[in-house]
1. What distance in nm separates the simple spin-label points at residue 38 and residue 74, each placed 7 Å from Cα in the Cβ direction?
2. Taking the Cβ-Cβ separation of residue 21 and residue 55 as r and a Förster radius of 35 Å, what is the calculated FRET efficiency to the nearest 0.05?
3. What ranking, highest mean first, results for peptides 31-39, 16-24 when packing means the other Cβ atoms within 10 Å averaged over each residue?
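What follows draws every value from the coordinates through simple rules; no lab data is involved. Here the structure is a predicted model, which is why all the values come from computation and not from measurement. Here Cβ is always computed from backbone atoms with ideal geometry, including for glycine, and neighbour counts include all displayed protein chains.
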């Protein structure tokens, strides 16, 4: 375990800044896409037009699942990986 300000952390290692930034950007992009999908489904559902109710529900479930995954990945990146600055 490493110590930050006298507090032990569970960070695994120091990761190359470019790799860290790439991972973080990818996760944040997927999170933004999921949030946008949910927003559009809620506020602009006229664009869904030809899709069935089942498609709508499945798309909503997929978006919330992707949002939860992205949040978990971002939390894990911040908790376990330390950026090399």
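1. Once both label points are built, they end up 1.1 nm from each other.
2. 0.50
3. 31-39, 16-24
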